[in-house]
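Here the structure comes first, spelled out in structure tokens, and everything after it is commentary.
The values are calculated or read from the model by the stated rules, or taken from the named source; none is laboratory data. None of these values were measured; they are calculated from a predicted model. Positions of Cβ are generated from backbone atoms using ideal geometry, with glycine treated the same way; all protein chains shown enter the neighbour counts.
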Amino acid sequence: MTRPLSTRTQNIAASLTVAIDTLAKQMIAEGKDVVSLGAGEPDFPTPEPIQEAACKAIHDGKTRYTAPVGILEVRKAVCEKLEHDNDLHFTPEQIVMTSGAKHAVFNALAVLINPGDEVIIPAPYWVTYPELVKWLGGTPVFVQGSRENDFKITAEQLRSACTEKTKAILVNNPCNPTGSVYSRDELESLAKVIVEKDIYCISDEVYEYFVYNGKFMSAAALDGMAERTIVINGFSKSHCMTGWRIGYDAAPLPIAKVIGKIQGQATHHPSNVAQYAALGALQMGMHSVNRMRDTFKKRRDYMIERTSKILKTPAKTPEGAFYLFAPVNDFYGKKTPSGEVITGSIDLCRYLLEQEGLAIVPGAAFGDDSCVRFSYAASDETLQKACDRFESGLKLLCST
Ligand code: GLU
């Protein structure tokens with residue numbers, strides 16, 4: 001074929017988190033000794049009540065098409081969850097069930113972006129955000145959260161990043177990869193600018209239950225925000241359902257209607273069985289989620305303790321999510337045992353994978369080449385092995 005493929009897709013990078021996870025799983029399947037803290041994927045099984053809800057759905061014949069927006073029962077249950085947990089008042093017509101939170105982010109952007117529109121993305125950011133914005137013809141505008149401010153952006157920074165072309169801000173709170181969490185006051189000051197500048201907010205809240213101090217606050221709950229915010233959430237992280245691919249958009253009604261229309265053309269709807277599984281998740285109570293949060297907190301503390309002895313500049317203690325974003329730039333310029341110079345986070349991660357069989361994600365994927373990301377949603381034994389390998393790999397690097 002000589003006809004060119006879409007130019008828009010040629011400018012899109014593949015997801016590095018997904019690529020590393022795929023590579024690590026492939027190496028393990030080939031019998032290689034690889035420890036992977038690459039993808040953020042809880043190591044626990046999907047809780048029993050969810051499995052049972054899915055099996056029952058299959059036996060009850062819930063295997064046919066649903067409405068594009070999803071089944072009414074689960075959308076009602078999502079509304080109850082948003083009311084109860086987040087003080088948000090949605091009706092089922094405002095909820096669109098999606099094939100995971102990533103798909104919900106795509107839907108939100110697809111509804112908002114015209115070619116040339118700017119979308120503000122606080123950096124460090126989740127790898128997928130800028131690529132989706134570009135794919136849809138928009139321009140990502142990065143606002144750097146400083147390390148001193150726990151990688152969070154300020155209202156002043158947001159104000160000065162807004163232009164005539166700004167359509168929305170896309171924020172992940174708690175944040176993947178930094179683990180930072182915006183407090184109520186910080187969110188309020190950002191919300192004032194969002195309202196003043198009359199832009200939309202896409203608030204990806206997929207890690208909301210993994211906040212280690214204090215309470216999570218949804219951006220949509222603040223004054224003037226409900227009518228301009230699309231809340232993104234999903235079950236992959238909170239209910240160990242990564243492979244089920246189930247999440248949702250909760251949006252102002254006119255936006256939800258368009259998302260439903262797009263979805264009706266693109267995918268029709270997420271899996272009927274997965275929707276019933278999500279209903280099971282929403283009905284099972286918070287016990288297993290809370291237990292998982294407590295476990296992740298212990299693992300976070302372990303990672304901080306171990307890496308602070310290995311790194312020259314210690315990592316910030318993450319307040320939420322399950323990632324450690326660790327500064328490794330002190331090791332740049334050093335040589336590997338085979339004589340290659342480490343020039344950045346991609347080199348370092350490649351070296352650690354080849355030399356030590358440790359899979360972690362380069363900070364470059366998240367817009368900060370000085371760091372690497374560890375997922376600590378892994379067993380204690382895996383974390384211990386990962387830290388041993390990290391330490392051993394860094395010790396082998398010598399000054400040039
Ligand atoms: N969200 C997870 C991560 O950042 C899973 C992989 C992905 O979709 O990026 O590792």
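Values as computed for the structure displayed
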| item | result |
| --- | --- |
| Residue count, the stretch 35-63 (criterion: touching a strand residue (DSSP E or B) at 6+ places or on another chain (Cβ under 8 Å) and of a type in the set (Ser, Thr, Tyr)) | 1 |
| Number of the condition not met by Leu112 [criteria: (1) of a type in the set (A, V, I, L, M); (2) within 16 Å of the ligand (Cβ to nearest atom); (3) under 17 Å from Thr229 (Cα atoms)] | (2) |
| Cβ-Cβ under 6 Å pairs, at least 6 apart or on other chains, the stretch 328-341 side under 17 Å from Arg373 (Cβ atoms), far side assigned to a strand (DSSP E or B) | Val328/Val372 |
| Set Arg291, Arg306, Arg299: member being of a type in the set (D, E, K, R) and surrounded by fewer than 17 Cβ atoms within 10 Å (Cβ to Cβ) | Arg291 |
| Answer residue from the stretch 232-289, given it is among the polar types (S, T, N, Q) and outside any helix (DSSP H, G or I) and is farthest from Lys81 (Cα to Cα) among those | Thr267 |
| Helices (runs of 4 or more DSSP H) fully within the stretch 13-86 counting 3 or more residues that are among the basic types (Lys, Arg) and either within 23 Å of the chain's Cα centre (by Cα) or at pLDDT 95 or above (or both) | 72-86 |
| Residues satisfying the stated conditions in the stretch 168-190, i.e. closer than 27 Å to Leu324 by Cα and away from the ligand (no atom under 16 Å from the Cβ) | Ile169, Val181, Tyr182, Ser183, Arg184, Asp185, Glu186, Leu187, Glu188, Ser189, Leu190 |
| Residue within the stretch 59-74 that is surrounded by fewer than 22 Cβ atoms within 10 Å (Cβ to Cβ), within 16 Å of the ligand (Cβ to nearest atom) and more than 27 Å from Gly320 (Cβ to Cβ) present | no |
| Count of residues meeting criterion [touching a residue at least 60 places away in the same chain (Cβ under 8 Å) and either surrounded by fewer than 20 Cβ atoms within 10 Å (Cβ to Cβ) or small (Gly, Ala, Ser) (or both)] in the stretch 11-25 | 7 |
| Flag if Ala315 is within 16 Å of the ligand (Cβ to nearest atom), in contact (Cβ under 8 Å) with a residue 12 or more places away in the chain and either in a loop (DSSP other than H, G, I, E, B) or touching a helix residue (DSSP H, G or I) at 6+ places or on another chain (Cβ under 7 Å) (or both) | no |
| Matching residues in the stretch 75-102 - criterion: being within 16 Å of the ligand (Cβ to nearest atom) and out of contact with any strand residue (DSSP E or B) (no Cβ under 7 Å at 6 or more places or on another chain) | Ser99, Lys102 |
| The lone exception for Pro140 - which of (1) in a strand (DSSP E or B); (2) at pLDDT below 95 it fails | (2) |
| Pair list, Cβ < 6 Å and 6+ apart or interchain, from the stretch 26-53 residues that are closer than 17 Å to Leu352 by Cα and in contact (Cβ under 8 Å) with a residue 24 or more places away in the chain to residues that are within 16 Å of the ligand (Cβ to nearest atom) and of a type in the set (Phe, Trp, Tyr) | Leu37/Phe374 |
| Residue check, Val35 of a type in the set (A, V, I, L, M), away from the ligand (no atom under 16 Å from the Cβ), crowded, with 20+ Cβ neighbours inside 10 Å and closer than 27 Å to Pro174 by Cα | no |
| Residues of the stretch 233-287 satisfying the condition of being polar (S, T, N, Q) and more than 15 Å from Tyr207 (Cα to Cα) | Gln263, Gln265, Thr267, Ser271, Asn272, Gln275, Gln283 |
| Every pair of residues 6+ apart whose Cβ atoms lie under 7 Å, when the first sits in the stretch 88-113 and is at negative phi while the second is of a type in the set (Lys, Arg) and surrounded by fewer than 21 Cβ atoms within 10 Å (Cβ to Cβ) | Pro92/Lys76; Ser99/Arg245; Leu112/Lys167; Ile113/Lys167 |
| Count of the stretch 327-381 residues which are surrounded by 24 or more Cβ atoms within 10 Å (Cβ to Cβ), within 16 Å of the ligand (Cβ to nearest atom), in a helix (DSSP H, G or I) and of a type in the set (A, V, I, L, M, F, W, C) | 3 |
| Some residue of the stretch 228-244 being under 27 Å from Ala161 (Cα atoms), touching a Ser or Thr at 6+ places or on another chain (Cβ under 8 Å) and surrounded by fewer than 24 Cβ atoms within 10 Å (Cβ to Cβ) | no |
